[in-house]
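A short write-up of the structure that comes next.
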Amino acid sequence: MATIPTDRSPDSTLAFLRAGYRFIGQRCERYGTDIFQTRLLLEPTICLRGRAAAELFYDADRFVREGAMPARGQRTLTGRGGVQGLDGDAHHDRKAMFMSLMTPTAVRRLGQLFADEWQARLPAWELAGTVTLHTEVASMLTRAVCAWAGVPLSDGELDRRTADLQAMIDSAAALGPRHWRGRLGRLRGEHWAGDLVERVRGGSLSPPDGTALRVIAEHRDGEGHRLPRRVAAVELLNVLRPTVAVARFVVFAALALHDHPAWRQRVRDDEATGQFVQEVRRYYPFFPVAAARVRRDFDWQGYHFPQGRRVLLDLYGTDHHPEVWPEPERFRPERFAGWPGDPFTLVPQGGGGHLTGHRCAGEWITIELMKRAVTLLTEVIRYDVPPQDLAVDLSRMPALPGSGFVVTAVRRVH
Ligand code: HEM
């Protein structure tokens with residue numbers, strides 16, 4: 001049995017936070033493998049990247065999710081008791097609940113609500129002179145996803161809810177004040193979402209059939225039990241929070257259009273828009289890793305994986321793996337022309353199957369919202385991009401251009 005190359009440092013947590021998205025890739029290059037072991041949060045952790053690794057990682061016979069997410073992430077990003085930490089039948093049942101929300105009609109409807117919000121804001125943008133795209137798109141997405149999910153949202157609440165949802169995302173890998181802001185956002189968010197669920201169950205709130213709020217409030221597990229209030233709140237936030245997070249991908253799409261202006265014309269074609277959006281999801285950093293634990297001892301490629309060991313799959317590193325993606329550091333949407341699709345190579349939102357595994361439930365929504373945004377940015381408005389800090393710091397997780405992407409002189413094309 002070969003020994004997994006091992007980092008000598010007694011603990012690499014700070015190195016991981018410092019290196020960010022490149023932490024696993026840099027060490028893989030150093031060891032000349034796609035696997036190594038290190039200690040993170042004082043615990044031995046196997047790190048993997050690449051296509052074969054992704055296929056292994058998404059084999060539910062070999063890994064479980066229970067206990068894989070560190071407590072800090074649960075207190076901010078995911079909450080406790082949600083679909084992310086479930087395995088087996090409990091996971092299948094809960095995941096089916098999420099996927100029932102993702103019909104093509106429902107996905108298009110969310111896209112339309114977002115486009116309507118964008119159109120409605122245009123007069124204010126034209127007057128404002130200067131607009132920070134990340135702030136504006138996050139706020140539009142909060143309104144759109146609440147309307148879509150059957151969640152009532154007053155104008156007075158909008159900024160607070162948007163800020164809380166964003167704080168949960170922004171704090172995922174943070175220490176200090178950013179972490180505490182995320183905890184506060186989650187606390188307030190779960191309280192809000194829990195109240196909504198109770199009002200639906202009590203009959204004082206009646207969201208339309210098929211909306212996320214109604215489906216989650218009324219969901220019964222395999223034994224006929226409703227979700228506990230706190231778990232239902234976590235699951236409602238599992239729809240609202242990541243939809244608002246799509247604002248980051250919209251900003252990256254705007255940045256890509258800015259850096260590669262020829263694509264402003266090319267994306268007028270639907271197929272090219274699809275390729276462009278895939279490349280934005282591949283190229284720009286979002287979630288660095290996914291985490292699991294070994295279900296029971298097994299061997300793979302001559303390496304031993306002991307039961308209970310934490311394993312991280314490098315999502316960013318797999319999306320940038322030179323053997324999978326030629327010239328991975330070049331932004332080339334053409335690479336997706338005729339791409340047959342592969343559930344284990346393009347993994348910004350996880351790999352494997354949507355229904356059977358832990359792949360992101362909102363991937364189709366994400367793609368729809370990004371396509372709408374690209375069309376709005378190229379066909380509906382014109383704008384100037386003044387000098388600003390557009391650098392994307394790969395040691396900052398989750399990443400974003402420093403300025404949040406400021407545009408000026410926004411005008412409507414038609
Ligand atoms: C901003 C774009 C998004 C990114 C980068 C993203 C990324 C991810 C990643 C990396 C995972 C974990 C995969 C794993 O554990 O193996 C995940 C899971 C999940 N995502 Fe997303 N996501 C996004 C948008 C969305 C949206 C819009 C929704 C819902 C409407 C959503 C709902 C979920 C849910 C419910 C899970 C848990 C799935 C499970 O454990 O079975 N995500 N996402």
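Please list the non-local residues whose amide H lies under 5 Å from the amide H of Val406, H modeled 1.01 Å from N, same-chain partners needing a gap of 5 or more.
Answer set, sorted by chain and number: Leu133.
Non-local amide H neighbours of Phe63 (under 5 Å, H modeled in plane, Pro and chain starts lacking H): which ones?
Amide H to amide H, under 5 Å and 5 or more residues apart or across chains, Phe63 pairs with Arg295.
Taking a point 7 angstrom from the Cα of His225 along the C-beta vector, which residues in region 50-91 have backbone N less than 20 Å away?
Residues passing the 20 Å test: 65-67, 79-91.
What Kirkwood Rh does region 275-414 have if only Cα atoms enter the pairwise 1/r average? Answer in Å. Mind showing how you got there, number by number?
Values: mean 1/r = 0.0565 Å⁻¹.
Taking every pair of different Cα atoms in region 275-414, averaging 1/r and inverting gives 17.7 Å.
Using a/c under 1.5 as the rounded threshold, could you call the chain rounded, prolate or oblate? The axes a ≥ b ≥ c are square roots of the C-alpha gyration tensor eigenvalues, and prolate needs a/b larger than b/c, oblate otherwise.
It is oblate, given that a/c is not under 1.5 and a/b is not larger than b/c.
Among DSSP beta bridges lying fully in the chain, give the percent that are antiparallel, nearest 5.
Values: 24 of 31 bridges.
Restricted to the chain, the bridges split so that about 75 percent are antiparallel.
Compute the Rg to Rh ratio over region 243-327 from the alpha carbon atoms, using the Kirkwood formula for Rh, and round to two decimal places. Mind showing how you got there, number by number?
On the way: Rg = 17.9 Å, Rh = 15.6 Å.
Rg divided by Rh gives 1.15.
Residue by residue through region 190-203, which ³J(HN,Hα) values in whole Hz follow from phi under the Karplus form 6.51 cos²θ - 1.76 cosθ + 1.60 (θ = phi - 60°), with glycine and proline marked x?
Taking θ as phi minus 60°, the curve returns 5, 5, 4, 5, x, 4, 4, 4, 5, 5, 5, 5, x, x Hz for region 190-203.
Just to verify a number: FRET efficiency for Asp384 and Ala2, C-beta to C-beta distance, R0 = 60 Å, to 0.05? If you can, show how the numbers build up before the last one.
Details: r = 56 Å, r/R0 = 0.94.
So, using R0 = 60 Å, E works out to roughly 0.60.
Rounded to whole Å, give me the distance from the Cα center of region 274-331 to that of region 213-242.
Taking the Cα centre of region 213-242 as reference, the centre of region 274-331 is 29 Å away.
Can you tell me the order of 216-228, 283-295, 266-278 when each peptide is scored by its average per-residue count of other Cβ atoms within 10 angstrom, highest first? Kindly include the intermediate steps, with their values, before the conclusion.
Working: 216-228: 14.8, 283-295: 21.3, 266-278: 18.1.
Taking the mean over residues of other Cβ atoms within 10 Å, the ranking is 283-295, 266-278, 216-228.
With a ≥ b ≥ c taken as the square roots of the eigenvalues of the C-alpha gyration tensor of region 110-212, please select rounded if a/c is under 1.5 and otherwise prolate if a/b is larger than b/c or oblate if it is not?
Values: a/c = 2.34, a/b = 1.09, b/c = 2.16.
Cα axes put region 110-212 in the oblate bin.
Simple spin-label model, 7 Å along Cα-to-Cβ: Glu327 to Arg30 in nm?
3.0 nm
In nm, to one decimal, how far is the Leu122 label point from the Asp11 one, both placed 7 Å along Cα→Cβ?
5.4 nm
Neighbour counts of other C-beta atoms within 10 Å: give me Val83, Val197 arranged from fewest to most. Display every interim value, and only then the final one.
Working: Val83 20, Val197 25.
By the 10 Å Cβ count, ascending: Val83, Val197.
Just so you know, all these numbers are worked out from the coordinates, no wet-lab data involved. This one's a predicted model, so the numbers in the text were calculated from it and none came from an experiment. Methodologically, a virtual Cβ is constructed for each residue, glycine included, from the backbone with ideal geometry; neighbour enumeration extends over all protein chains shown.
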